[in-house]
Amino acid sequence: KERTTSAYMNDSVFLFVGSFLMAAGLERWNLHRRLALSILLFVGIEPVRLILGYISASAFLSMWLSNTATSAMMVPLAAAMMNEIQEKINAKKDAVAGCELQLGSRSAPLPMDPSLQQYGSGLIQCIAYACSIGGMSTLTGTGPNLVLTAIWSELYPEKEPLSFAKWMALGVPMAIVFLLILWAFFSWICCKGGAGRVIRETLSADVLRREYEELGPMSWAEKLVLVDLVLLVSLLLTRKPVGFEGWNKLLPLPVGDGSTIIATSMLLFVLPAHPPSYLARCFSLVPTKPWGQLVASNPPEALDADPASTDQVGEQEIIHVDEATSTTEGHVKDRKPKARFLLEGPVVGSINWEIVVLVGGGFSLTRGAEASGLSDWFGGHLASAVEDLPMFLLIPAVTAAVAFLTEFTSNVATANVVLALLAKTAQALGEDPLELMIPATLGCSFAFMLPVATPPNAIAYSTGCICLRDMLQRGFVLNLIGIVLVSIFVPLLGDVIH
């Protein structure tokens, strides 16, 4: 009973919950949107560079946020940009038609330019794929990576746990190569048939710059969340870095990645969302709409105001405006803004607890299969079936089997089922279990072919601009590329994790 319930509260589960809380902080204060637009503005608006910008922003954000949240933000951003380009093209065509035919504006919208439609379809599709590829580069980026860490610690507690830094030593180089291939592949697809020329003639940086300027100046809350994110990444990378001792050795008790991310995410519940009054006085910070507003006592307009809607306090009153919702939350009878925090209690309810329970249930299932001997039995029979295959063929075979299986099943559920069995199979073959567990884990992220395979695919397909045949064909090609990359990088860099 204790072994079953403890599976729901191990270090990997805390790593999952902490990543949700950190993502909630980024999303609440719109920092993820600011980071994405900054990357796009930095890369530029040339058609090929624009694809690189969207791929880079999507992959970077999905390293720290969920793939679903990243794609839910980036896909509408790209769709809005494509719609604006089409509106400019339609306006030019309407102007020409009005001059030549003297018919004025059209009663029905013009159809989308075919080359532009091809560019937009490819752009939205590669955003979904970039989210999946970026997520596999960190332990918190996608569910199967977390499942691997927990099952490894459960099956082999005497061995060193997988660390955030060591996984990135394998995941980041492989993700960078995969993203560059994705960029080249979709640049060739999107810019055929004159699409590049249409984009170059129509799009200007003002579209993205206007989106960025609507965010306003970076607020106090955004800066604190960014500092907390940088602190978290620094701690995770230096806890057990590759090549030298980390800060974990300085502590009397070992601290895991889960404890680290929970500690830093808890800071979001205690850090103020608005500058304290003493800082406002010291640095001449005048409270404005984003975090508070000082209103002089008895202004002329107040004579007609509803007495119940304001609170007069001596010489001045303070009306606090919530930065996240831009609505007046109440009035504080004090000279400083009402105390608020970067994250508050209700955000806990927004955590995807179904995934947490699914992950914990998978860990519990692993313990049951281990205790009953099912894992050893199945692993022994599977090992006898593949014992004649050399490891350089077994790795791509396992990756391919898992990659095509996860097109129809949840990647987290797939990882929960197959990783423990593959660990016992490798053990029966006399190989390091990670040599099969890592390829299978990475293969769980190669769900590129079907809309139902992963939420980013579904979000991209729901725009209505992606043909199912295109997703099947392009996704199949990317599946093959991913299998080849795993076959190269796991033998090459896998020793860093072992």
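The values are calculated or read from the model by the stated rules, or taken from the named source; none is laboratory data. In this text the structure is predicted, and so the values were computed from the model without any measurement. In this analysis, Cβ positions are derived from the backbone assuming ideal geometry, glycine residues included, and neighbour counts consider all displayed protein chains. To get the accessible areas, we keep the full protein, side chains included, count just its heavy atoms, and leave off ligands, DNA and RNA. Shrake-Rupley method; radii C 1.70, N 1.55, O 1.52, S 1.80 Å.
Structure above, values below:
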item: V17 being within 30 Å of P157 (Cβ to Cβ), β-branched (V, I, T) and assigned to a helix (DSSP H, G or I); result: yes
item: Filtered residues of segment 485-498 (kept if buried (at least 20 other Cβ atoms within 10 Å of the Cβ) and without any contact (Cβ under 8 Å) to a residue 40 or more places away in the chain); result: none
item: Residue in segment 450-464 that is among the β-branched types (V, I, T), under 20 Å from the mean Cα position of the chain (by Cα) and surrounded by fewer than 16 Cβ atoms within 10 Å (Cβ to Cβ) present; result: yes
item: Those residues of segment 77-93 which are in contact with a Ser or Thr (Cβ under 7 Å, 6 or more places away or on another chain) and open to solvent by 50 Å² or more (accessible area, probe 1.4 Å), in sequence order; result: K88
item: Subset of segment 26-63 [under 29 Å from L343 (Cβ atoms), small (G, A, S) and open to solvent by less than 30 Å² (accessible area, probe 1.4 Å)]; result: A36, A57, S58, A59, S62
item: Options L405, L436: the member that is open to solvent by 40 Å² or more (accessible area, probe 1.4 Å) and in contact with a Ser or Thr (Cβ under 8 Å, 6 or more places away or on another chain); result: L405
item: Pairs where the first residue, in segment 253-270, is within 23 Å of W167 (Cβ to Cβ) and in contact (Cβ under 8 Å) with a residue 12 or more places away in the chain and the second is open to solvent by 50 Å² or more (accessible area, probe 1.4 Å) and not in a helix (DSSP H, G or I), C-beta under 7 Å, 6+ apart; result: G256/P161
item: Selected residue [within 18 Å of the chain's Cα centre (by Cα), modelled with pLDDT of 80 or more and either open to solvent by 70 Å² or more (accessible area, probe 1.4 Å) or farther than 19 Å from Y212 by Cα (or both)] from M22, M74; result: M22
item: Candidate set from segment 155-179 (those that are touching a helix residue (DSSP H, G or I) at 6+ places or on another chain (Cβ under 6 Å) and within 20 Å of S6 (Cα to Cα)); member that is most open to solvent (accessible area, probe 1.4 Å); result: P161
item: Scope segment 130-139; condition buried (at least 24 other Cβ atoms within 10 Å of the Cβ) and either more than 18 Å from S410 (Cβ to Cβ) or hydrophobic (A, V, I, L, M, F, W, C) (or both); matching residues; result: A130, C131, I133, G134, M136, S137, L139
item: Pair list, Cβ < 8 Å and 6+ apart or interchain, from segment 464-484 residues that are within 18 Å of M82 (Cβ to Cβ) to residues that are open to solvent by 40 Å² or more (accessible area, probe 1.4 Å) and polar (S, T, N, Q); result: C465/Q117
item: Every residue from segment 225-261 that is open to solvent by 40 Å² or more (accessible area, probe 1.4 Å), of a type in the set (A, V, I, L, M, F, W, C) and not in a loop (DSSP other than H, G, I, E, B); result: L226, V227, V230, L231, L235, L237, W247, L250
item: Boolean, F408 is at pLDDT below 90 and either out of contact with any Lys or Arg (no Cβ under 6 Å at 6 or more places or on another chain) or part of a helix (DSSP H, G or I) (or both); result: yes
item: Near pairs, Cβ below 9 angstrom, 6+ apart or cross-chain, from segment 341-354 (at negative phi) to any residue that is among the charged types (D, E, K, R) and open to solvent by less than 60 Å² (accessible area, probe 1.4 Å); result: L342/D228
item: Neighbours by Cβ (under 7 Å, 6+ apart or cross-chain): first from segment 12-30, at negative phi; second in a loop (DSSP other than H, G, I, E, B) and open to solvent by 50 Å² or more (accessible area, probe 1.4 Å); result: F20/N352
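Conditions (1) at pLDDT below 90; (2) within 19 Å of G134 (Cα to Cα), marked per residue:
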| residue | (1), (2) |
| --- | --- |
| E431 | yes, no |
| L434 | no, no |
| T441 | no, yes |
| F446 | no, yes |
| P451 | yes, yes |
| I459 | yes, yes |
| T463 | yes, no |
| R469 | no, no |
| L480 | no, yes |
